[in-house]
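Student: Okay, handing you the structure first.
The values are calculated or read from the model by the stated rules, or taken from the named source; none is laboratory data. Quick caveat, the model's predicted, so the values are computed rather than measured. Counting neighbours? That spans all protein chains shown, and the Cβs are built from the backbone with ideal geometry, glycine included. Surface areas here come from the heavy atoms of the whole protein model, side chains and all, with no ligands, DNA or RNA. Shrake-Rupley method; radii C 1.70, N 1.55, O 1.52, S 1.80 Å.
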Amino acid sequence: MRRDTFLKSLAALAAAGALPNAAWANVSIKMMIPANPGGGWDGTGRALGEALREAGTASSVTFENKGGAAGAIGLAQFYNASKGDPNALMVMGAVMLGGIITGKPPVSITQLTPIARLTTEYNVFVLPADSPFKTMKDVVEQLKKDPGSVKWGGGSRGSTEHIAAAQIAQSVGVPASKINYVPFRGGGEATAAILGGNVSVGGSGYSEFQQYIESGKMRAIAVTSGQRVKGIDVPTLKEQGIDVEIGNWRGVFGAAGITQAQRDELTQRIVKATQSKAWQEALVKNNWTPALLTGKAFDEFVDKDFSSLRATMVRAGMV
């Protein structure tokens with residue numbers, strides 16, 4: 001068989017969803033994680049890398065962490081360095097959309113190639129173990145007295161925990177513009193600040209704080225879900241009279257300028273990886289809810305979420 005005919009046959013198999021594993025055997029995936037180590041994007045990227053290897057859809061996965069500005073720094077680097085690379089992936093999610101809305105960086109997520117939504121997760125708010133506050137009610141009472149004295153710590157400006165903090169303030173009669181929000185470049189930095197008592201309240205995905213909650217080093221006081229999350233014994237904000245509900249999601253995008261056939265093949269790799277034992281174990285370990293979405297449905301989801309987040313942030317006075 002001529003080489004060009006063979007390559008065309010592989011492309012046809014990819015489009016049909018039947019690309020043989022042998023065609024993937026020697027592929028190395030380059031994973032951009034646009035956050036510092038220790039956070040939700042980092043955990044997602046590394047769990048996905050392990051799943052890709054186990055599933056046989058990548059022979060190796062290399063990682064690069066580049067935190068800051070809600071992922072905008074890593075986004076710009078990924079865009080410029082990976083154009084046309086069919087084996088490049090970048091972890092992203094709702095936090096990045098919020099950061100783009102508030103920060104208006106020169107590179108937007110719309111310039112990349114959507115591949116898949118992977119998980120959803122609600123945020124949890126925590127206190128340091130030795131905090132003078134014991135409950136969200138205590139936090140709210142202090143917030144009403146002196147908004148600036150309550151330091152909220154979490155991801156970059158525009159993150160879901162930042163939006164939630166602004167909404168909590170609004171719901172209890174405090175202008176969102178008065179909240180004292182301290183953004184961090186990654187989950188590791190935020191965790192250190194909470195454990196060190198450098199912020200009053202911390203917010204992030206439950207998986208990022210789980211080990212500290214279970215060890216008693218942090219006290220979980222609220223989750224941002226509409227109903228209690230299975231396996232997480234923490235009251236919702238709504239249970240406590242605060243009408244706020246907001247979720248987070250994480251996924252992956254491919255490089256700019258790849259072909260439709262290359263996008264389809266990369267999507268197949270991800271789908272197969274999510275069926276692996278390694279990925280299923282990561283879901284359970286981190287209390288992530290599987291939320292796989294690909295193709296046109298994922299494109300439409302991102303567009304809708306972008307618009308919804310913008311409207312929410314406008315109402316909260318953040319933009």
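Student: Enumerate the pairs (first residue in the stretch 103-119 and under 27 Å from SER276 (Cβ atoms); second residue anywhere and in a helix (DSSP H, G or I) and open to solvent by 40 Å² or more (accessible area, probe 1.4 Å)) with beta-carbon separation below 6 Å, excluding pairs fewer than 6 apart on the same chain, so at least 6 apart or on different chains.
Tutor: PRO114/ASP299
Student: Would you point out which residue out of LYS285, LYS277, LYS296 is under 17 Å from the mean Cα position of the chain (by Cα) and open to solvent by 70 Å² or more (accessible area, probe 1.4 Å)? Outline the logic, then answer.
Tutor: Values: LYS277 fails: under 17 Å from the mean Cα position of the chain (by Cα); LYS296 fails: under 17 Å from the mean Cα position of the chain (by Cα).
Every option except LYS285 fails the conditions.
Student: Scanning the stretch 299-319 for residues that are open to solvent by 50 Å² or more (accessible area, probe 1.4 Å) and among the polar types (S, T, N, Q), which turns out modelled with the highest pLDDT?
Tutor: SER307
Student: Quick check on the stretch 67-113: of everything there that is at pLDDT 95 or above and of a type in the set (D, E, K, R), which residue is most open to solvent (accessible area, probe 1.4 Å)?
Tutor: LYS83
Student: Which residues, counting only those in the stretch 194-219, are of a type in the set (Gly, Ala, Ser) and within 20 Å of the chain's Cα centre (by Cα)? It would help to see each step written out before you state the result.
Tutor: If we filter the stretch 194-219 for residues that are of a type in the set (Gly, Ala, Ser), which is where we start, we get 196-197, 200, 202-205, 207, 215-216.
The answer is GLY202, GLY203, SER204, GLY205, SER207.
Student: So, of the residues in the stretch 117-162 that are small (Gly, Ala, Ser) and over 23 Å from the mean Cα position of the chain (by Cα), which turns out to be least open to solvent (accessible area, probe 1.4 Å)? Steps first, answer last, please.
Tutor: Of the residues in the stretch 117-162, the ones small (Gly, Ala, Ser) are 129, 131, 148-149, 153-156, 158-159.
With the extra rule that they be over 23 Å from the mean Cα position of the chain (by Cα), the set shrinks to 129, 131, 148-149.
Values: ALA129: 44, SER131: 10, GLY148: 39, SER149: 48 Å².
This residue is SER131.
Student: Condition first: surrounded by 15 or more Cβ atoms within 10 Å (Cβ to Cβ) and in contact with an Asp or Glu (Cβ under 8 Å, 6 or more places away or on another chain). Can you find one or more residues in the stretch 257-272 that meet it?
Tutor: There is at least one residue in the stretch 257-272 that is surrounded by 15 or more Cβ atoms within 10 Å (Cβ to Cβ) and in contact with an Asp or Glu (Cβ under 8 Å, 6 or more places away or on another chain).
Student: Pick out, from the stretch 149-255, the strands (runs of 3 or more DSSP E) lying fully within it that include 3 or more residues that are under 30 Å from LEU292 (Cβ atoms) and touching a residue at least 40 places away in the same chain (Cβ under 8 Å).
Tutor: On the way: elements: 151-154, 180-183, 201-205, 218-223, 247-254.
It comes to 201-205, 218-223, 247-254.
Student: Pick out, from the stretch 37-143, the strands (runs of 3 or more DSSP E) lying fully within it that include 3 or more residues that are over 21 Å from PHE184 (Cα atoms). Full working, then the answer.
Tutor: Values: elements: 60-65, 88-93, 113-128.
Per the criteria, 60-65, 113-128.
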